[in-house]
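Taking it in order: structure first as structure tokens, then the write-up.
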There are 2 protein chains.
Amino acid sequence: MSEYRIYQVKDAIAYVRAVEKLGDEVTLQGEEIGDGNLNQVFRVCSPGESHGFIVKQALPYIRCIGESWPLTRDRARIEAQILLRHGEVCPAHTVAVRHYDPALSVMLLEDLSDHRVWRQALLEDQIFPEAAAQLGRYLARVHYHSSAFHLDYQAQQAAMADFANPELMAITEAVIFVDPFRYHERNNVEPLIRHEAEQLWADAELKIKVARLKHDFRTKGEALLHGDLHTGSVMVAPGKLKVIDAEFGGYGPMGFDVGVMFANLLLNFCSQPGRHSTITGQRVQQLRLEEIRALWGSFRDEFVALAAHSADPALAEPGYVQALLRQVWRDALGYAGCEMIRRTIGIAHVADLDGIDDPIRRAACQRQALALGSRLIMEAEQLNGTALDLLLQQAIAGG
Amino acid sequence: MSEYRIYQVKDAIAYVRAVEKLGDEVTLQGEEIGDGNLNQVFRVCSPGESHGFIVKQALPYIRCIGESWPLTRDRARIEAQILLRHGEVCPAHTVAVRHYDPALSVMLLEDLSDHRVWRQALLEDQIFPEAAAQLGRYLARVHYHSSAFHLDYQAQQAAMADFANPELMAITEAVIFVDPFRYHERNNVEPLIRHEAEQLWADAELKIKVARLKHDFRTKGEALLHGDLHTGSVMVAPGKLKVIDAEFGGYGPMGFDVGVMFANLLLNFCSQPGRHSTITGQRVQQLRLEEIRALWGSFRDEFVALAAHSADPALAEPGYVQALLRQVWRDALGYAGCEMIRRTIGIAHVADLDGIDDPIRRAACQRQALALGSRLIMEAEQLNGTALDLLLQQAIAGG
């Protein structure tokens, strides 16, 4: 085992050469392509080739901040393990891990250069008609196979111990459930919506609901979550979809992954009045609404189909999985609301809203994101699929 | 470290002598007093003295069955750890662990010979007026200090890993949530109530609710539970109460401990028409009802008082702890229902019901336990404290 060192391009190339057993006759070149907040990412390939390898290395601190914010390198182990586990049950939609080196906190991943980041595609109004349904199937498969439907008590407890991820999930707790709902210096609130943020911080009923969602996030270990499933963690290509970046994963409520994805589609939805004419914007909003329906529909159908084969005599009771999925839906709406709010006034924003140049239009979109997020949290118990549809149709008409 | 061996009386005496540093001038004698299903228990004291020490050793199999059902000795470590942890935050009501030897799976406990088992006291109509409130305070203190209100993410995750108890909690799953709700050879159903058991096994709605409770038991890691808090795990003396036997403990829903205790008081409640004249039986039933009120009232008040000091900025939101406790109450009713049913038709019964000699009267009491248990499961969402009171008052009048 080699000792940990921070990789340069040449190290990434040597790592690829060693793992892939490429002789000296193969020329390789590399570049650092990381645009995330946490890690370094290299792309290594032969000159002139469009396809190569990805080398991802965890640094002992948060990349975008520096050595002043140390962060466990063990996240690389957790991410590699989660991707491998998810890849076993959903290889079609999980980025392939070709090698993992624990001492160097480095992993070799398949190159998805023929894919693009879904968020970017959505921002360019590029349609991937199968993406939402593929994502629903992915979530159903990775959640189901790590749940009590599939694992007996001991296997699930062992998985919960293997995938314990306290350091990164504590960050999720802080940045999604704590900071955005009160004054905190880490928050990033634009001056034009300061008033709405302060109203939200004073909303005691809302904060009680958020406390419940936070508490459930920590204590409801239903399935091995991706943990950060926004549209920037999804790579798409015609007919294809791969999920990447699982370092925030661990056991938690299934509704969290579903809700975070709902929220990111809804943040794009809310950004449309700032990006397009009314007619075009409304048409794109309809697409987002259809994607949310397709995502939930395929998640539900696939999960129910899998649960029909559960070996657990109690959970296999006809009707139970449907009852559970109603709760997952309610949880998802609550988590979607938290994610929408934190991406609007918390530390980490999304390009969908922040990319709107005109500050007045941007603020109007941000206000809609805060209002819709609050409603999802407050009304999660009442909003079934039809009611959510209606709520979003009203938002489209009103925008 | 010594190698594991099954203790004889002389080993228990030598262990006490070594741990307590008692010289040869102190004469000690011992006897095996275990009446539980799992372990051996010795009482060691000087001749003529009423107070000594308890030595408890885990065997590598289930004591009452034998070597054909092996069971991890690691349960002794888990039990000792849980008792020590609970003892730190509620020394008044947790049996004291004086020493633990991991190699021998043996622990030295304080002798509670001046106490008696609460179940036995209840069966003899002996009243300990403070017991229920003491138990409520105990539960609030041990649950609170292991919960997200008191521990940050990393500390709680570390505790969840330390206290993972898959082997014994899988037994709980099977004997409480699975077997009693379907035909299983492990069940113990008396012929006179066979019909009622079969009706219950055919009740699809009930079984969906039980599936939810089972699923929550495994996935809802709210607090470090005792895990088997029936009236036989509680020792009482005038003004004093100590909880023993924590080997089934681990992280789970707080309502489980509360509900199991509710159920054991209610099983005694249901047994009264089989034990006493109508007037006397009704008077004793009122006592059980008051104990349930006192248990919940002190649990709630103590938990709310503790939560006022929570360092968690989200969970400390005024009103959240009350909302959480409403859910704990609902969970508790559901778990109480499961416990009542499993103690009536599952593998392990209680003396309260089984000790009724007349088979016709016994069957009538068992039927009431099944009916009340089913109602608690089915109506947990609707029954607030007043409604439960009313339901039990009706049961008293009807008995």
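Values in this text are rule-based calculations from the coordinates and carry no lab data. None of these values were measured; they are calculated from a predicted model. Backbone-built Cβ (ideal geometry, glycine too); neighbour counts: all protein chains shown.
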Along Cα-to-Cβ, 7 Å out, sits the label point; list in nm, shortest first, how far the one on B:K10 is from those in the other copies.
-> 7.3
Which angle between 0 and 90 degrees, to the nearest 10, do you get for helix A:153-162 versus the longest principal axis of chain A when only C-alpha atoms count?
-> 70
Could you work out the mean count of beta carbons from other protein chains within 10 Å of each residue's beta carbon in A:150-159?
-> 4
Counting each DSSP H run of 4 or more residues in the protein assembly as shown as -39500 (n - 2.57), what helix-only mean residue ellipticity at 222 nm follows after dividing by all residues, to the nearest 500 deg cm²/dmol?
-> -16500 deg cm²/dmol
The Kirkwood hydrodynamic radius of region A:163-274, taken as the inverse of the mean 1/r over all distinct Cα pairs, in Å, comes to 15.7
Karplus-derived HN-Hα couplings along region A:301-317 (A = 6.51, B = -1.76, C = 1.60, θ = phi - 60°), whole Hz, x at Gly and Pro | 5, 5, 5, 4, 4, 5, 5, 5, 9, 4, 7, 7, x, 7, 6, 6, 3
Shortest first, in nm, what separates the label point of A:P70 from those of the same position in the other copies (7 Å along Cα→Cβ)?
-> 4.2
What percentage of all Cα-Cα pairs in region B:9-110 are separated by more than 16 Å?
-> 59
Just need the Rg to Rh number for region B:63-222, please, alpha carbons only, Kirkwood Rh.
-> 1.00
In degrees, nearest 10, range 0 to 90: what is the angle between the Cα axis of helix B:385-398 and the longest Cα principal axis of chain B?
-> 80
Inter-part gap, Cα centre of region B:174-249 to Cα centre of region B:67-99, in whole angstrom, is 21
Can you give the mean number of other chain Cβ atoms that lie within 10 Å of the Cβ atoms in peptide B:44-50?
-> 0
Total formal charge among the other residues, if their Cβ is under 9 angstrom from that of A:K240, Lys/Arg +1 and Asp/Glu -1 | -1
How about region B:65-154: which trypsin sites (Lys or Arg not before Pro) there lie in a loop by DSSP and see at most 15 other Cβ atoms within 10 Å?
-> none
GluC sites (Glu not before Pro) restricted to DSSP loop in region A:156-252 with at most 13 other C-beta within 10 Å | A:E185
Alpha-carbon centroids, region A:306-355 and region A:122-137: separation in whole Å | 18
Among A:A133, A:A155, A:A197, which one moves the most in a GNM of chain A with springs linking Cα atoms closer than 10 Å?
-> A:A155
Output, in nm with one decimal and in ascending order, the distances from the B:L84 label point to the matching label points of the other copies (7 Å from Cα along Cα-to-Cβ).
-> 3.3
To the nearest 0.05, how large is the calculated FRET efficiency for B:H51 and B:A397 if R₀ is 41 Å and r is the Cβ-Cβ distance?
-> 0.35
For region B:264-399, just list the percent of Cα-Cα distances falling in each 10 Å bin from zero outward, please.
-> 12, 38, 29, 14, 6, 1
Alpha-carbon Rg/Rh ratio, for region B:207-338, with Rh computed the Kirkwood way | 1.01
Note the angle between two axes, namely the Cα long axis of helix B:254-271 and the longest principal axis of the Cα atoms of chain B, as a number of degrees from 0 to 90, rounded to the nearest 10.
-> 70
Average beta carbon contacts from partner chains per residue of A:170-176, 10 Å cutoff = 2
Residue of B:G373, B:G249, B:G239 that the Gaussian network model of chain B assigns the largest fluctuation, springs spanning Cα pairs under 10 Å | B:G239
Calculated P(r) tail over 42 Å for the protein assembly as shown, as whole % of Cα pairs = 38
Which value, to two decimals, describes the C-alpha radius of gyration of chain B once divided by 2.2 N^0.38 Å?
-> 0.99
Run the quick spin-label model on B:N188 and B:T72: label points 7 Å from Cα toward the beta carbon, then report their separation in nm to one decimal.
-> 2.7
For A:T27 and A:R367, calculate 0.36 nm times their separation in residues minus their Cα-Cα distance, and state this gained length in nm to one decimal.
-> 117.2 nm
